[in-house]
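> Okay, handing you the structure first.
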Amino acid sequence: MYEIFSDIVIYVLFYTYLKFFNNYCELLRKRLTEIEIINYVTFAMWVLEIYQSKQGEGLWTGKYSIFVRTLGCALRCRYCDTPYAQQDRTENENEEDGIGANLSAEEIVGRILLLELPHVVITGGEPMQSPEIVELTRLLKDFDYQITIETSGIVDVPVLCDLMSISPKLSNSTPLKAGRDIAHEQNRFRPEVVQSLMLRYNYQLKFVVDTPNDLNEIEEYLKRFQGVVSERVLLMPQAIDARTMTEKASWIIPFCEQRGYQYCPRMQIIWYGNKRRT
Ligand code: SF4
């Protein structure tokens, strides 16, 4: 009698254990699926377009390059030269020119390899807001690419690059649309990020200048940073045609000469006009 009783107890205990183990496995499986989904969403990059052209701005003007343009930017500046790259991905689902897609770093590198140029410009939108950029730059370095990153300097992630092109936004970039101006003002000024990028990378600081008042603002802005090399400060006229650019150059160039900064024309406007993918 005692033996039958102990067999029943053992059976019940074993059954309970199996049941518990089974539930645990099911829970684990669900959790892993969630992690996979999270990884997929987080570690991919929404790329709007990949194309080749000549770098039109900054210290490496004239360099033939492959441009990787990411989608999405929190700032939505008034004078954004790539408004089609500001939206988040759901707003842009129907992008018709093809390459707008959520790609892994490996897929992006695969497309870059087809274009056979040694220099890659990762631009946006704001490319630093995508965590996948870290892996993308690491892979590109494995293939010996020279890399420029173009950023507004509001996000700091440990990328690899040869030129960190930082374009801090001045008050002239604040959007006029109600609601967007507040978010813009809250996000555009991140001196701790800009300083950290300047210390860690070969950098250029590229300011978009619209009116003479902006020059004072740039001076005040630069006072906050240590070790600014004046030749790496570039002043670029806010213009989408050659005539406006020339007009603004007439007062920007003397200021640059006085301070040791560099005048930075938007050469792509002169070479190609105000066109996308240039
Ligand atoms: S930071 Fe650059 S991409 Fe973003 S809205 Fe401003 S100009 Fe456009």
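Values in this text are rule-based calculations from the coordinates and carry no lab data. Computed from a predicted model, the values in this text were never measured in an experiment. Because the Cβ atoms are built from the backbone with ideal geometry, glycine has one as well, and the counts that use them run over all protein chains shown.
> Which FRET efficiency value, to the nearest 0.05, is calculated for R259 and K54 with the Förster distance at 25 angstrom and r the Cβ-Cβ distance?
Details: r = 28 Å, r/R0 = 1.11.
Calculated value: 0.35.
> Also: In whole angstrom, note down how far apart the Cα centers of region 102-134 and region 199-245 are.
Using only Cα atoms to place each centre, the spacing works out to 26 Å.
> Also: Quick one: net charge of G179's neighbours, Cβ under 13 Å, K/R +1, D/E -1? Please list the in-between numbers first.
Working: positive: R76, K177, R180; negative: D181, E185.
With Lys, Arg at +1 and Asp, Glu at -1, the net is +1.
> When you count, for each residue, the other Cβ atoms within 10 Å and take the mean per peptide, how do 46-53, 180-187, 104-111 rank with the highest first? Don't jump to the answer; show the numbers that get you there.
Working: 46-53: 19.6, 180-187: 14.4, 104-111: 16.4.
The peptides rank, most packed first, as 46-53, 104-111, 180-187.
> Each label point is 7 Å from the Cα along the Cα-to-Cβ direction; what then is the distance between the points at L113 and N213, in nm?
According to this spin-label approximation, the distance is 5.3 nm.
> Still on this model: Net charge near W271: determine it from the other residues with C-beta under 15 Å of the C-beta of W271, scoring Lys and Arg +1 and Asp and Glu -1. Let's see the in-between values first.
On the way: positive: K54, K63, R266, K275, R276, R277; negative: E57, D81, D241.
After counting each charged neighbour, the total is +3.
> Mind ranking 244-255, 116-127 by how tightly packed they are, going by the mean number of other C-beta atoms within 10 angstrom, highest first? Provide the component values of the computation, followed by the final result.
Working: 244-255: 15.2, 116-127: 21.3.
Those peptides, ordered most packed to least, come out 116-127, 244-255.
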